[in-house]
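The structure appears right after this line, and notes come after that.
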Amino acid sequence: MGEKRSRKNRSSKRKKIVCFGEWFGQSNIDSPYYIFNEAMKDEDFKPYFIVKNKSLFSELNSKGIRCLFAYSLKGIITQIRCKNFVSSVNAKDFFVWALLGRRIYINIGHGAPFKDSFIWRKSSLIRFIIKMRMKTIDYYNFYGSPAEIFDKLLMKQYSYSSERIIRVPTARADRFCSMTDNEKLSFKNKLKLDPNKKIILFAPTHRDEGNTIDHIVKGVKVLQQWLENNNEEFEIILKPHFYDIPKTKLISSLGKIRLITTEIDINSLLALSDCLIGDYSGVVFDYYYNNKPVIGYCYDVDEYTSGHRGLYFKCDQVYNNIAYNINSLFDKLDDFKNDNLLSSKKEEFTDALESGNLSHIAWSNIKSKLI
């Protein structure tokens, strides 16, 4: 009897396993990784970070990080035993068959939505497959929303009740506080940027999943023109969407614009820059945690919404500093130069939360839903 009670006490103290994953197991720079690191501090849980890239697994393992290769024997057994999953894309972030059966799966997404869903563009067969997945391996018990303004959008997109939407701020934005001055200098040296110049980041979203980069070529030419107009005290860097990277590398002339592809992760790049030029990319919502100036260059909004993707928000809802043509963009850049840009809409899109504590808030809300 005493032995049975002892085993029961040991069982009740057993830590809950939680598996974290992101971007099909190929990444460790998105919010799930930041929340995983926060979960590592919690004595009631045993978190694992799941990867499918052998090089990434070796890198993390060499640093003593509690990670598992998704298809190793230990990885498969751990995921099958696990009852709690947190990821950014879908079941493909893990060994997918582990998502069958009784479990809690919390999807936190891979960015606050600006563009609407494009599932309607898929074939009837693909839409049917997606629907079936969402009833099985991709059934999310809860979905993480970064701020109140996004709640109803996600409820509509997934046909969820408010009880299945939980507050999960964009944890990866904690990088904005964790980057030291020495790291910034090191990155600037690596990217061959003048440490005495302010950095403007141009980060446009893709068109047609990378089938055209005309918008990037046009933007580069315009920004080159502004730089050459007595604005040599600035550096402008281009960070294309990953869909656009292959074609962007083929641009014949970037002038003084610096192309950044995989040399530095996007969170560090956002932390490094002094101003963002965006368009219809949700990266703007990350940048609002940065408390730095933002410009929306939305010259092709009518073409974009009619021929590419719809938008959940009007551009002037997202941007206080918005340019619909070249001259207006130059005016906004001059305002930045003279410290006259309007403040951002940070409070509306971040619930007024500050970077540095986002991972802690996210984990606190997530762990309350786990079993």
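The values are calculated or read from the model by the stated rules, or taken from the named source; none is laboratory data. Everything quoted here is computed from the prediction, not taken from an experiment. Cβ placement follows ideal geometry from the backbone for every residue including glycine, while neighbour counts extend to all protein chains displayed.
Taking Asp244 and the conditions (1) touching a helix residue (DSSP H, G or I) at 6+ places or on another chain (Cβ under 7 Å); (2) in contact (Cβ under 8 Å) with a residue 60 or more places away in the chain; (3) not hydroxyl-bearing (Ser, Thr, Tyr), which numbered condition does it fall short on, given that it satisfies the others?
(2)
How about region 195-222: which of its residues are touching a residue at least 40 places away in the same chain (Cβ under 8 Å) and either touching a strand residue (DSSP E or B) at 6+ places or on another chain (Cβ under 6 Å) or of a type outside the set (D, E, K, R) (or both)?
Scanning region 195-222 gives Lys198, Ile199, Ile200, Leu201, Phe202, Ala203, Pro204, Thr205, His215, Gly219, Val222.
Six or more apart or on different chains, Cβ atoms under 6 Å: show the pairs whose first residue is in region 83-103 and within 15 Å of Leu68 (Cβ to Cβ) and whose second is among the hydroxyl-bearing types (Ser, Thr, Tyr).
Filtered contacts from region 83-103: Phe85/Tyr105; Asp93/Ser87.
Checking Tyr299 against (1) within 25 Å of Asp351 (Cα to Cα); (2) surrounded by fewer than 22 Cβ atoms within 10 Å (Cβ to Cβ), which single condition isn't satisfied?
Of (1) within 25 Å of Asp351 (Cα to Cα); (2) surrounded by fewer than 22 Cβ atoms within 10 Å (Cβ to Cβ), only one is false for Tyr299: (1).
Can you tell me which residue in region 115-133 is surrounded by the fewest Cβ atoms within 10 Å (Cβ to Cβ), limited to those that are touching a residue at least 24 places away in the same chain (Cβ under 8 Å) and within 26 Å of Phe95 (Cα to Cα)?
The qualifying residue surrounded by the fewest Cβ atoms within 10 Å (Cβ to Cβ) is Phe118.
When region 116-174 is examined, which residues are found to be among the small types (Gly, Ala, Ser), assigned to a loop (DSSP other than H, G, I, E, B) and more than 25 Å from Arg207 (Cβ to Cβ)?
Ala147, Ser159, Ser161, listed by residue number.
Are any residues in region 217-243 in a loop (DSSP other than H, G, I, E, B), acidic (Asp, Glu) and at pLDDT 90 or above, and if so, which ones?
The one that is in a loop (DSSP other than H, G, I, E, B), acidic (Asp, Glu) and at pLDDT 90 or above: Glu233.
Given the criteria touching a helix residue (DSSP H, G or I) at 6+ places or on another chain (Cβ under 7 Å) and either part of a strand (DSSP E or B) or surrounded by fewer than 13 Cβ atoms within 10 Å (Cβ to Cβ) (or both), does Leu68 qualify?
yes
Quick one: would you say Glu209 is out of contact with any Lys or Arg (no Cβ under 8 Å at 6 or more places or on another chain), at positive phi and at pLDDT below 95?
yes
With the structure loaded, tell me whether Ile245 is of a type in the set (Val, Ile, Thr) and surrounded by 21 or more Cβ atoms within 10 Å (Cβ to Cβ) or whether it fails that test.
The answer is no for Ile245.
Mind checking whether some residue in region 81-88 is closer than 24 Å to Trp363 by Cα, at pLDDT 95 or above, crowded, with 19+ Cβ neighbours inside 10 Å and of a type in the set (Gly, Ala, Ser)? Write out each step before concluding.
Let us first name the residues in region 81-88 that are closer than 24 Å to Trp363 by Cα, namely 81-88.
Narrowing the set further to residues that are at pLDDT 95 or above leaves 81-88.
Pick out the ones that are also crowded, with 19+ Cβ neighbours inside 10 Å and you get 82, 84-88.
From what is left, the residues that are of a type in the set (Gly, Ala, Ser) are 87-88.
Within region 81-88 (the criterion being closer than 24 Å to Trp363 by Cα, at pLDDT 95 or above, crowded, with 19+ Cβ neighbours inside 10 Å and of a type in the set (Gly, Ala, Ser)), the answer is yes, since at least one residue qualifies.
Looking at Asp174 and the list (1) on the phi > 0 side of the Ramachandran plot; (2) crowded, with 19+ Cβ neighbours inside 10 Å; (3) not hydrophobic (A, V, I, L, M, F, W, C), which single condition is not satisfied?
Result: Asp174 passes all but (1).
Would it be correct to say that Asp151 is over 27 Å from Pro246 (Cβ atoms), touching a residue at least 40 places away in the same chain (Cβ under 8 Å) and among the acidic types (Asp, Glu)?
In short, no.
Taking only pairs six or more apart or across chains, which ones have beta-carbon atoms under 7 Å, a first residue in region 16-28 that is under 16 Å from Asn61 (Cβ atoms) and without any contact (Cβ under 8 Å) to a residue 40 or more places away in the chain, and a second residue that is of a type outside the set (A, V, I, L, M) and outside any loop (DSSP other than H, G, I, E, B)?
Asn28/Phe49
Hey, does region 282-291 have a residue that's surrounded by fewer than 20 Cβ atoms within 10 Å (Cβ to Cβ), touching a residue at least 24 places away in the same chain (Cβ under 8 Å) and closer than 20 Å to Ile149 by Cβ?
Going residue by residue through region 282-291, those that are surrounded by fewer than 20 Cβ atoms within 10 Å (Cβ to Cβ) are 291.
Adding the requirement that they be touching a residue at least 24 places away in the same chain (Cβ under 8 Å) leaves 291.
Subsequent filtering for residues that are closer than 20 Å to Ile149 by Cβ retains 291.
Within region 282-291, one or more residues are surrounded by fewer than 20 Cβ atoms within 10 Å (Cβ to Cβ), touching a residue at least 24 places away in the same chain (Cβ under 8 Å) and closer than 20 Å to Ile149 by Cβ.
Could you go through region 198-213 and let me know if any residue there is assigned to a helix (DSSP H, G or I), touching a helix residue (DSSP H, G or I) at 6+ places or on another chain (Cβ under 9 Å) and over 30 Å from Trp363 (Cβ atoms).
yes
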